[in-house]
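Below you'll find the structure, written out as structure tokens, and then a few comments.
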């Protein structure tokens, strides 16, 4: 899930998705300890998705918006 998709969703939907992803992470960790897990990188992807969703929720709480759409590049006047 990319950030643009996350930003289009309402806070309540994001909270539901966070809860579902955290439950799935827990189940995958439990399965990994007792049997072979199908995709070992899935836990990492889910954790990153949860972090992205929580970041968007926090940005909304603080009233922060992304400064640039182009990936955070500056105007070229960087201090060295």
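The values are calculated or read from the model by the stated rules, or taken from the named source; none is laboratory data. No experiment lies behind these values; they were computed from the predicted model shown. Every residue, glycine among them, receives a Cβ derived from its backbone with ideal geometry; neighbour counts consider all protein chains shown.
Of note:
- Residue 80 vs. criteria closer than 24 Å to residue 16 by Cα and either at pLDDT below 85 or surrounded by 10 or more Cβ atoms within 10 Å (Cβ to Cβ) (or both): no
- Some residue of region 40-57 being assigned to a loop (DSSP other than H, G, I, E, B) and modelled with pLDDT under 75: no
- All positions within region 25-39 that are surrounded by 13 or more Cβ atoms within 10 Å (Cβ to Cβ) and either at pLDDT below 85 or out of contact with any helix residue (DSSP H, G or I) (no Cβ under 6 Å at 6 or more places or on another chain) (or both): 32, 37
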